[in-house]
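Chemist: Dropping a structure here in structure tokens format, bear with me for questions.
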Amino acid sequence: MAELVKLREQYPYRPNARKINAYEDADYWVGVNVKRVQDLWLDRSPPLNILDLGCGPGYFLHLCRMFGHEGLGLDPDDEPFFRGTTNLFGVSRVVARINAQTPLPDLGKKFDLVTAHRVCFHRVARDKNGEWLEWTEADWKFFINDVRTRFLKPDGRLLLEFNRRADGSSFFTSGLREFFESQGARIVRWKALLAAGPNQRPSFKLG
Ligand SMILES: C[S@@+](CC[C@H](N)C(=O)[O-])C[C@H]1O[C@@H](n2cnc3c(N)ncnc32)[C@H](O)[C@@H]1O
């Protein structure tokens, strides 16, 4: 993956950028994304239409395409490196930013699967102690309803994967776990899976 190293030289880290996001490390990120693909049984399912929110460098959709799926990414164009990698992988991407209480842009179709890995769009700003201010339950409710009604096919699924919090604890505080479960989510480790209907039980395994 010499091209990725070349791209990183072309678009160096911004000063103070966290080096854990070393997306030119293809071995590492392909490994992470193979696990994501396997968790959703995408290596064993018929071709699906997939929308990846906050697609970043595009590894997930790149791998999905290798397994026969069709993918579309959505990401703000903040990182020139991601522009380079999505181009390199041939991953189609809509440039947009997700905001609280705001419908996603119209994409003209519905999807079998909408994903968001290592979600960041719910972080609004840092408070004076450096802690993230996050979306409220009402903000999540709006987002989930928007995805369910406008972007998921009847058997579609929404997968949200979260980073740990700064202190190492789970994103799912007991309050958030209860909230996501009240929306019909199945929570496994750091992931929440939701079906298109609030009363449908979502399944990681297809078929
Ligand atoms: C931690 S990175 C994860 C990238 C990729 N999903 C992955 O797991 O490798 C978070 C991604 O969310 C994107 N992002 C941040 N704020 C966003 C927003 N408001 N709307 C959409 N995407 C956003 C960033 O550009 C970045 O690609």
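The values are calculated or read from the model by the stated rules, or taken from the named source; none is laboratory data. Since the model is a prediction, treat every value here as computed from it, not as a measurement. Positions of Cβ are generated from backbone atoms using ideal geometry, with glycine treated the same way; all protein chains shown enter the neighbour counts.
Chemist: Is it the case that N33 is within 13 Å of the ligand (Cβ to nearest atom) and closer than 20 Å to K205 by Cβ? If you could, list the steps in order and put the result at the bottom.
Modeler: On the way: within 13 Å of the ligand (Cβ to nearest atom): yes; closer than 20 Å to K205 by Cβ: yes.
Considered against the rule, which asks whether it is within 13 Å of the ligand (Cβ to nearest atom) and closer than 20 Å to K205 by Cβ, N33 comes out as yes.
Chemist: Further question: For the subset of the stretch 164-207 comprising residues that are among the charged types (D, E, K, R) and part of a loop (DSSP other than H, G, I, E, B), which member is surrounded by the most Cβ atoms within 10 Å (Cβ to Cβ)? Quick ask: steps written out before the conclusion?
Modeler: Of the stretch 164-207, the ones among the charged types (D, E, K, R) are 164-165, 167, 177-178, 181, 186, 189, 191, 201, 205.
From the residues that got through so far, the ones that are part of a loop (DSSP other than H, G, I, E, B) too are 164-165, 167, 189, 201, 205.
Values: R164: 10, R165: 14, D167: 6, R189: 10, R201: 9, K205: 9.
Here the residue is R165.
Chemist: Identify all residues within the stretch 45-104 that are near the ligand (Cβ under 10 Å from one of its atoms), part of a loop (DSSP other than H, G, I, E, B) and under 20 Å from R157 (Cβ atoms); write none if there are none.
Modeler: Those that are near the ligand (Cβ under 10 Å from one of its atoms), part of a loop (DSSP other than H, G, I, E, B) and under 20 Å from R157 (Cβ atoms): G54, C55, I98, L104.
Chemist: Next question. Are any of the residues in the stretch 155-165 charged (D, E, K, R), away from the ligand (no atom under 13 Å from the Cβ) and in contact (Cβ under 8 Å) with a residue 12 or more places away in the chain?
Modeler: First pass over the stretch 155-165, keeping only residues charged (D, E, K, R): 155, 157, 161, 164-165.
From what is left, the residues that are away from the ligand (no atom under 13 Å from the Cβ) are 155, 157, 165.
Checking which are in contact (Cβ under 8 Å) with a residue 12 or more places away in the chain leaves us with 155, 157.
Yes: the stretch 155-165 contains one or more residues that are charged (D, E, K, R), away from the ligand (no atom under 13 Å from the Cβ) and in contact (Cβ under 8 Å) with a residue 12 or more places away in the chain.
Chemist: Right, K109: surrounded by fewer than 19 Cβ atoms within 10 Å (Cβ to Cβ) and either at pLDDT below 95 or not in a loop (DSSP other than H, G, I, E, B) (or both) or not? It would help to see each step written out before you state the result.
Modeler: Working: surrounded by fewer than 19 Cβ atoms within 10 Å (Cβ to Cβ): yes; either at pLDDT below 95 or not in a loop (DSSP other than H, G, I, E, B) (or both): no.
No.
Chemist: Any idea which of L40, L48 is at pLDDT 95 or above, within 19 Å of R118 (Cβ to Cβ), within 19 Å of the chain's Cα centre (by Cα) and surrounded by 13 or more Cβ atoms within 10 Å (Cβ to Cβ)?
Modeler: That would be L40, the only listed residue that is at pLDDT 95 or above, within 19 Å of R118 (Cβ to Cβ), within 19 Å of the chain's Cα centre (by Cα) and surrounded by 13 or more Cβ atoms within 10 Å (Cβ to Cβ).
Chemist: So is V119 under 26 Å from K205 (Cα atoms), part of a loop (DSSP other than H, G, I, E, B) and not small (G, A, S) or not? Spell out how you get there, then give the answer.
Modeler: On the way: under 26 Å from K205 (Cα atoms): yes; part of a loop (DSSP other than H, G, I, E, B): yes; not small (G, A, S): yes.
For V119, the condition - under 26 Å from K205 (Cα atoms), part of a loop (DSSP other than H, G, I, E, B) and not small (G, A, S) - is met.
Residue by residue, here is whether (1) under 13 Å from the mean Cα position of the chain (by Cα); (2) among the hydroxyl-bearing types (S, T, Y); (3) surrounded by fewer than 17 Cβ atoms within 10 Å (Cβ to Cβ) holds:
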| residue | (1), (2), (3) |
| --- | --- |
| C55 | yes, no, no |
| F60 | yes, no, no |
| L63 | no, no, no |
| G68 | no, no, yes |
| G71 | yes, no, no |
| F82 | no, no, no |
| N87 | no, no, yes |
| A96 | no, no, yes |
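Chemist: Using the structure shown, decide if R36 is under 26 Å from E134 (Cα atoms) and assigned to a helix (DSSP H, G or I).
Modeler: Considered against the rule, which asks whether it is under 26 Å from E134 (Cα atoms) and assigned to a helix (DSSP H, G or I), R36 comes out as yes.
Chemist: Quick one: V124 ticks every box in (1) within 23 Å of E178 (Cα to Cα); (2) of a type outside the set (K, R); (3) in contact with a Leu (Cβ under 9 Å, 6 or more places away or on another chain); (4) outside any strand (DSSP E or B) except a single one, so which number is it?
Modeler: V124 satisfies all of (1) within 23 Å of E178 (Cα to Cα); (2) of a type outside the set (K, R); (3) in contact with a Leu (Cβ under 9 Å, 6 or more places away or on another chain); (4) outside any strand (DSSP E or B) except (4).
Chemist: Pairs only if they're at least six apart or on different chains, beta carbon under 6 angstrom, first in the stretch 101-127 and of a type in the set (S, T, Y), second in a strand (DSSP E or B); list them, first residue then second.
Modeler: Close Cβ pairs (under 6 Å, with a partner that is in a strand (DSSP E or B)) amount to T115/D52; T115/L159.
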